[in-house]
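Report on one structure; see the data block that follows.
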Number of protein chains: 4
Amino acid sequence: MSSTLEDVQSRPDDRGIPLRHAGICELKYPVVVWDREKKTQHTVGTFKLTVDLPRHYKGTHMSRFVTALENHRGECSLETLPELVDELRERLDAERAHARVDFPYFIRKAAPVSGAVSDLAIRCWFVGDAAEKDAEFTLGVEVPVMTTCPCSKTISDRGAHCQRTHVRICIRFRELVWIEELVEFAEASASSPLYTLLKRNDEKHVTEQSYDNPVFVEDLVRNVAVLLRDDERITWFYIEAESQESIHNHNAIAAVGSEDL
Amino acid sequence: MSSTLEDVQSRPDDRGIPLRHAGICELKYPVVVWDREKKTQHTVGTFKLTVDLPRHYKGTHMSRFVTALENHRGECSLETLPELVDELRERLDAERAHARVDFPYFIRKAAPVSGAVSDLAIRCWFVGDAAEKDAEFTLGVEVPVMTTCPCSKTISDRGAHCQRTHVRICIRFRELVWIEELVEFAEASASSPLYTLLKRNDEKHVTEQSYDNPVFVEDLVRNVAVLLRDDERITWFYIEAESQESIHNHNAIAAVGSEDL
Amino acid sequence: MSSTLEDVQSRPDDRGIPLRHAGICELKYPVVVWDREKKTQHTVGTFKLTVDLPRHYKGTHMSRFVTALENHRGECSLETLPELVDELRERLDAERAHARVDFPYFIRKAAPVSGAVSDLAIRCWFVGDAAEKDAEFTLGVEVPVMTTCPCSKTISDRGAHCQRTHVRICIRFRELVWIEELVEFAEASASSPLYTLLKRNDEKHVTEQSYDNPVFVEDLVRNVAVLLRDDERITWFYIEAESQESIHNHNAIAAVGSEDL
Amino acid sequence: MSSTLEDVQSRPDDRGIPLRHAGICELKYPVVVWDREKKTQHTVGTFKLTVDLPRHYKGTHMSRFVTALENHRGECSLETLPELVDELRERLDAERAHARVDFPYFIRKAAPVSGAVSDLAIRCWFVGDAAEKDAEFTLGVEVPVMTTCPCSKTISDRGAHCQRTHVRICIRFRELVWIEELVEFAEASASSPLYTLLKRNDEKHVTEQSYDNPVFVEDLVRNVAVLLRDDERITWFYIEAESQESIHNHNAIAAVGSEDL
């Protein structure tokens, strides 16, 4: 029966318009990612998978993206994502293929004084992009940290406003950089790390550490930029920080890319 | 032509199951709301309109909700929303009708020292609910404020963590209470109001005021509860506060309702 | 040092106002849930953990919620969630404790004709609520399905509009009901299930099945209600369906609860 | 007093790192935009305002963005947004300034048969970008439409799956193009427009029109591309369509830009 069903997508198209990014998105799938401590970690990915479509095809075959993902079911890493992208490019007869997966990644953290351990969720993403063989791999992380405002501290007789801030770091590298290392770079560049579990002596420590190390979002991205610039494994980066200002109901942002340096 | 089209929704249903909340939601429509200073304010509403459906109807007529909304196009207030709900109840032959509209509302605020003025967006909602004639009206507001942590201030040698906090207040009343008054109640109950525009001397003022008035989310909702309890216009309330903790990547919450007192 | 830090939360409060739902929310944590096929499944939970706070306490101890969650790290099920809630109630000296965890759950599905297998993500949640020993457990699922409009089919000479619809089902039970069973109830009540992976012969099957079984959201929730009402394991339920109408940019909804029958 | 408060942001910075996009975001402000029919329309904008910051400044002055916005309070259009961007660039001594505002815009539409009128909300955005005098202006719209699947229609004996689809169009132009015109381009390229209010004879019309004009997302963006390519006012465009597939719980996407032609 199915042998007689017409392949409508493969009909010729005479409008002469090639397409970018034809495919699927908002697809949730279970994934296993690499974990520096535990080897692997189970989490949930949200996928966007696309190809650039030559002008003579009417449509792409959306089911083949899912089939390719099924074939790579399980591990999703800097080794397997480029394979998936290469497979998409070949399977769909495309000049270029792209894959992006976003997922929460959990890091085990010890509180600074009590040592009490808990998990902190880090939003991460992998991007694969292939115009030819060997897809380019990009790693992204969004690290929640704490920032105290240098202006507020300087001009006020007591106190200083602080807030939760998210640092987004995207990198490409010639040698593996762990998610955990980017988290450490972001935390070292902020007023203080933040934690899921803090006992009273930890809260005192974090409060004072944050007060003692005020940074603007501008300082924060520059601090991270210096660390990434000096890391020989990293070949490209883009850094953005966004703070949920406690004195405003809007956010403050700043960014810097490796091309700017 | 259309006179021959069957009214499928009016077919009898023999499963014997009455429905709750049959209708439409996520409908954006322009609205004009009352403004204490400027008489009226143009904004954008997101509507949910439903009726409880008797067991003998197969379906409700979704287009009639939009027609009713069109008929009440323009002003949306404690006078017109109950009229809309009553109209829905009658028009759809229902025992009960409900309407909820969420909208951003802008308040003009002066910075505490410089007096520089700017707009602050407050998320608001109206709810109308009618089982019989004369729908009950509920007003809700979500006020962004600043909270400094009393524990952090007490135990630390310097500084105190603070953050943006949202106070949600729902009330029913026998005499008009303005959105602006609920905003004032929330701000008076927090460590400090927050502002869209602050100059340097304002930032100093807000920092010190917040540091001098630390409150937990538990304190914050109790402070608002005392104000609402003592206001004779208000017949029912529910208060909730949620703080975007700057030392954590999760939030702290507390709530209290008039039934609890 | 930490032994001298004052416990500010335990200070007495003289406003005489008891609180509801004091605690934490928006906390992401890895969880392992029961899986009918594979015994267990790793996923990501988003937790809300709260207690009702007696009037004489100034605040609750937010860190204890995380400690309790850490103690129950790993499995999250109808056996362990009530234990967590009971522990919160005792540990925080509260009259009542609540826990809610939302998580994506993956079900392995075979396409209807080709049998090609893929994963479908189902949004689920567990709620635990304890006023005394033995917390009450509620299971919730949101099942994506396909609905074809009976009115559109009846009045049109060809075609019928259809769309993606989400069915939310909450139940309490005296004997275990699997997530997979609720998914089957929802799919059997819709025009057709939907799938992550469909080959051409599957797409033909789904299109025709959906066209042959038109349902309004009102029909859909009534169909599910009949199935749940006749299941002796289930002691309480609430059902809601919301369709992303393809002819509108707003949604259609309907609901029914076991109390209505 | 305030005259003695140090301007911390103006401190020199010796890290030698220039910044991109330093500023504010997620700021809601009331705006008035141009309306082809009614001259003007009141709506709610969400602003992102940033500058590229030279390497020698420690930070930018976040309050000046709000002051600039206040000065341009009221009308937000292709005339005033570039003025705002130019003012930001000068006021903040920056090499480059950017502004983006997103807002819902309401279009009055008549149903295709009954002529019943109602409002349809269109998500729109303006972008201004200035490296030198005279900022470049970009207009974006997201138009909700209906698409019927050509493959499903061809291979099925009856019916065809359809769904709500969003078409995002960004353009730059040498002569004014109205939001309403882009909406018309998107609707003419889809299987059918969608409407807020449809009576029974309208629903029949829309169902049949959509069934008679099946398009993939790939067809949809190509159809729009042909219209924009042939419009001499338009100097640059990017088009993206995303359909909420009714047979899947994920979306299908396709895109095309003027550079590809």
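In the range B:68-87, which residue that is touching a His at 6+ places or on another chain (Cβ under 9 Å) and not charged (D, E, K, R) is surrounded by the fewest Cβ atoms within 10 Å (Cβ to Cβ)? If you could, list the steps in order and put the result at the bottom.
Let us first name the residues in the range B:68-87 that are touching a His at 6+ places or on another chain (Cβ under 9 Å), namely B:80-81, B:83-85, B:87.
Pick out the ones that are also not charged (D, E, K, R) and you get B:80-81, B:84-85.
Values: B:Thr80: 18, B:Leu81: 22, B:Leu84: 24, B:Val85: 25.
Once the filter is applied, the top-ranked residue is B:Thr80.
Against the conditions (1) of a type outside the set (Lys, Arg); (2) assigned to a strand (DSSP E or B); (3) closer than 27 Å to A:Ser258 by Cβ, where does A:Ser118 fall short? Just the number, please.
(3)
What residue, among those in the range C:1-31 that are facing another protein chain (nearest Cβ under 7 Å) and assigned to a loop (DSSP other than H, G, I, E, B), is surrounded by the fewest Cβ atoms within 10 Å (Cβ to Cβ)? It would help to see each step written out before you state the result.
Taking the range C:1-31 as the starting set, the residues that turn out to be facing another protein chain (nearest Cβ under 7 Å) are C:1-2, C:5-6, C:8-9, C:15, C:17-30.
Narrowing further to those that are assigned to a loop (DSSP other than H, G, I, E, B): C:1, C:5-6, C:15, C:17-18.
On the way: C:Met1: 8, C:Leu5: 16, C:Glu6: 12, C:Arg15: 14, C:Ile17: 18, C:Pro18: 18.
My answer is C:Met1.
Every residue, every condition in (1) surrounded by fewer than 18 Cβ atoms within 10 Å (Cβ to Cβ); (2) touching an Asp or Glu at 6+ places or on another chain (Cβ under 9 Å); (3) at pLDDT below 95, yes or no:
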| site | (1), (2), (3) |
| --- | --- |
| C:Leu182 | no, no, no |
| C:Asp212 | yes, no, no |
| C:Val221 | no, yes, no |
| C:Glu259 | yes, no, yes |
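Checking C:Met62 against (1) of a type in the set (A, V, I, L, M, F, W, C); (2) within 20 Å of the chain's Cα centre (by Cα); (3) over 30 Å from A:Tyr29 (Cβ atoms), which single condition isn't satisfied?
In the conditions (1) of a type in the set (A, V, I, L, M, F, W, C); (2) within 20 Å of the chain's Cα centre (by Cα); (3) over 30 Å from A:Tyr29 (Cβ atoms), C:Met62 misses (2) alone.
Residue under question is C:Thr148, and the condition is that it be crowded, with 19+ Cβ neighbours inside 10 Å, touching a His at 6+ places or on another chain (Cβ under 8 Å) and more than 30 Å from A:His72 (Cβ to Cβ); does it hold? Break it down into steps so the answer makes sense when it comes.
Numbers: crowded, with 19+ Cβ neighbours inside 10 Å: yes; touching a His at 6+ places or on another chain (Cβ under 8 Å): yes; more than 30 Å from A:His72 (Cβ to Cβ): yes.
Judged against the criteria, C:Thr148 is a match.
Can you run down the residue pairs with Cβ atoms below 7 Å, 6 or more apart or on separate chains, where the first is in the range C:140-153 and facing another protein chain (nearest Cβ under 7 Å) and at negative phi and the partner is part of a strand (DSSP E or B) and surrounded by fewer than 22 Cβ atoms within 10 Å (Cβ to Cβ)?
Going by the 7 Å Cβ cut-off, the qualifying pairs are C:Pro144/C:His166.
Need pairs with beta-carbon distance below 6 Å; first residue at pLDDT below 90 and of a type in the set (Ser, Thr, Tyr) and within the range D:70-93, second crowded, with 20+ Cβ neighbours inside 10 Å and in a helix (DSSP H, G or I); sequence gap 6+ or separate chains.
Taking only residues 6 or more apart or on different chains, not a single pair turns up.
Has the range C:159-178 got at least one residue that is free of Cβ contacts under 8 Å to residues at least 60 places away in the same chain, more than 10 Å from chain D (Cβ to nearest Cβ) and under 30 Å from C:Glu83 (Cα atoms)? If you could, list the steps in order and put the result at the bottom.
Step one: of the range C:159-178, the residues free of Cβ contacts under 8 Å to residues at least 60 places away in the same chain are C:159-160, C:175, C:177.
Subsequent filtering for residues that are more than 10 Å from chain D (Cβ to nearest Cβ) retains C:175, C:177.
Among the residues that remain, those that are also under 30 Å from C:Glu83 (Cα atoms) are: C:175, C:177.
Yes, there is a match, as at least one residue in the range C:159-178 is free of Cβ contacts under 8 Å to residues at least 60 places away in the same chain, more than 10 Å from chain D (Cβ to nearest Cβ) and under 30 Å from C:Glu83 (Cα atoms).
Condition first: in contact (Cβ under 8 Å) with a residue 40 or more places away in the chain and more than 23 Å from B:Val217 (Cβ to Cβ). Now tell me which residues in the range B:113-126 satisfy that.
The answer is B:Val113, B:Ser114, B:Ala116, B:Val117, B:Ser118, B:Asp119, B:Phe126.
Do the conditions hold for D:Lys133, that is, is it in a loop (DSSP other than H, G, I, E, B) and among the basic types (Lys, Arg)? Step through it out loud before you land on a result.
Details: in a loop (DSSP other than H, G, I, E, B): yes; among the basic types (Lys, Arg): yes.
Yes, satisfied.
Can you find even one residue in the range A:150-159 that is over 22 Å from the mean Cα position of the chain (by Cα) and either among the aromatic types (Phe, Trp, Tyr) or more than 30 Å from D:Glu6 (Cα to Cα) (or both)?
Here is the first cut: in the range A:150-159, the ones over 22 Å from the mean Cα position of the chain (by Cα) are A:150-159.
Cutting the leftovers down to either among the aromatic types (Phe, Trp, Tyr) or more than 30 Å from D:Glu6 (Cα to Cα) (or both) gives us none.
Among the residues of the range A:150-159, not one is over 22 Å from the mean Cα position of the chain (by Cα) and either among the aromatic types (Phe, Trp, Tyr) or more than 30 Å from D:Glu6 (Cα to Cα) (or both), which makes the answer no.
Looking for something of a type outside the set (Asp, Glu), modelled with pLDDT of 90 or more, touching a strand residue (DSSP E or B) at 6+ places or on another chain (Cβ under 8 Å) and within 21 Å of D:Asp52 (Cα to Cα) - is there at least one such residue anywhere in the range D:100-107?
From the range D:100-107, those of a type outside the set (Asp, Glu) are D:100-101, D:103-107; that's our starting set.
Retained after the next criterion (residues that are modelled with pLDDT of 90 or more): D:100-101, D:103-107.
This time we only want the ones that are touching a strand residue (DSSP E or B) at 6+ places or on another chain (Cβ under 8 Å), so: D:100-101, D:103-107.
This time we only want the ones that are within 21 Å of D:Asp52 (Cα to Cα), so: D:100-101.
So far as the range D:100-107 goes, yes, one or more of its residues are of a type outside the set (Asp, Glu), modelled with pLDDT of 90 or more, touching a strand residue (DSSP E or B) at 6+ places or on another chain (Cβ under 8 Å) and within 21 Å of D:Asp52 (Cα to Cα).
Which one of these is touching a helix residue (DSSP H, G or I) at 6+ places or on another chain (Cβ under 8 Å) and surrounded by fewer than 24 Cβ atoms within 10 Å (Cβ to Cβ): D:Arg174, D:Arg158?
Numbers: D:Arg174 fails: touching a helix residue (DSSP H, G or I) at 6+ places or on another chain (Cβ under 8 Å).
None of the others qualify; the one that does is D:Arg158.
Could you figure out which of (1) within 11 Å of chain C (Cβ to nearest Cβ); (2) surrounded by 19 or more Cβ atoms within 10 Å (Cβ to Cβ) isn't true of A:Thr40?
Tallying (1) within 11 Å of chain C (Cβ to nearest Cβ); (2) surrounded by 19 or more Cβ atoms within 10 Å (Cβ to Cβ), A:Thr40 fails exactly one: (2).
If a residue has to be more than 21 Å from B:Val177 (Cα to Cα) and crowded, with 21+ Cβ neighbours inside 10 Å to count, how many in the range B:88-110 make the cut?
Of the range B:88-110, the ones more than 21 Å from B:Val177 (Cα to Cα) are B:88-98, B:110.
Within this subset, residues satisfying the condition of being crowded, with 21+ Cβ neighbours inside 10 Å are B:88-89, B:92, B:94, B:97-98.
The total comes to 6.
Residues that are of a type outside the set (Asp, Glu), within 14 Å of chain D (Cβ to nearest Cβ) and within 25 Å of C:Glu242 (Cβ to Cβ): does the range C:92-102 have at least one? Spell out the reasoning first.
Applying the first criterion (of a type outside the set (Asp, Glu)) to the range C:92-102 yields C:92, C:94, C:96-101.
Now narrow it down to the ones that are within 14 Å of chain D (Cβ to nearest Cβ): none.
Within the range C:92-102, none of the residues are of a type outside the set (Asp, Glu), within 14 Å of chain D (Cβ to nearest Cβ) and within 25 Å of C:Glu242 (Cβ to Cβ).
Take the conditions within 18 Å of the chain's Cα centre (by Cα) and either polar (S, T, N, Q) or away from chain D (no Cβ under 14 Å) (or both) and apply them to C:Ala254. Does it pass? Show your work before the answer.
Details: within 18 Å of the chain's Cα centre (by Cα): yes; either polar (S, T, N, Q) or away from chain D (no Cβ under 14 Å) (or both): yes.
In short, yes.
If I filter the range A:225-244 for residues that are out of contact with any Gly (no Cβ under 6 Å at 6 or more places or on another chain) and within 9 Å of chain B (Cβ to nearest Cβ), do I get at least one hit? Show your work before the answer.
Here is the first cut: in the range A:225-244, the residues out of contact with any Gly (no Cβ under 6 Å at 6 or more places or on another chain) are A:225-237, A:239-244.
Still in the list and also within 9 Å of chain B (Cβ to nearest Cβ): A:244.
Scanning the range A:225-244, I find at least one residue that is out of contact with any Gly (no Cβ under 6 Å at 6 or more places or on another chain) and within 9 Å of chain B (Cβ to nearest Cβ), so the answer is yes.
Out of the residues in the range D:103-139 that are charged (D, E, K, R) and out of contact with any His (no Cβ under 8 Å at 6 or more places or on another chain), which is nearest to the other protein chains (Cβ to nearest Cβ)? It would help to see each step written out before you state the result.
First, pick out the residues of the range D:103-139 that are charged (D, E, K, R): D:108-109, D:119, D:123, D:129, D:132-134, D:136.
When the remaining residues are screened for being out of contact with any His (no Cβ under 8 Å at 6 or more places or on another chain), the result is D:108-109, D:119, D:123, D:132-134, D:136.
Values: D:Arg108: 10, D:Lys109: 11, D:Asp119: 6, D:Arg123: 9, D:Glu132: 19, D:Lys133: 23, D:Asp134: 24, D:Glu136: 20 Å.
Taking the candidates together, the pick is D:Asp119.
Somewhere in the range A:84-104, is a residue within 24 Å of the chain's Cα centre (by Cα) and either over 28 Å from D:Phe216 (Cβ atoms) or among the hydroxyl-bearing types (Ser, Thr, Tyr) (or both)? Give the steps one after another, and end with the answer.
Pass one, the range A:84-104, residues within 24 Å of the chain's Cα centre (by Cα): A:84-89, A:96-104.
From what is left, the residues that are either over 28 Å from D:Phe216 (Cβ atoms) or among the hydroxyl-bearing types (Ser, Thr, Tyr) (or both) are A:103-104.
The answer is yes; a qualifying residue exists.
Scanning for something over 26 Å from A:Ile122 (Cα atoms) and either at the interface with another protein chain (Cβ under 9 Å from one of its Cβ atoms) or hydroxyl-bearing (Ser, Thr, Tyr) (or both), does the range C:65-86 turn up at least one residue? Outline the logic, then answer.
Step one: of the range C:65-86, the residues over 26 Å from A:Ile122 (Cα atoms) are C:78-79, C:82-83, C:85-86.
The next check asks that each one be either at the interface with another protein chain (Cβ under 9 Å from one of its Cβ atoms) or hydroxyl-bearing (Ser, Thr, Tyr) (or both); those that pass are none.
No: zero hits.
The values are calculated or read from the model by the stated rules, or taken from the named source; none is laboratory data. Nothing here was measured: the structure is a model prediction, and the numbers come from that model. Positions of Cβ are generated from backbone atoms using ideal geometry, with glycine treated the same way; all protein chains shown enter the neighbour counts.
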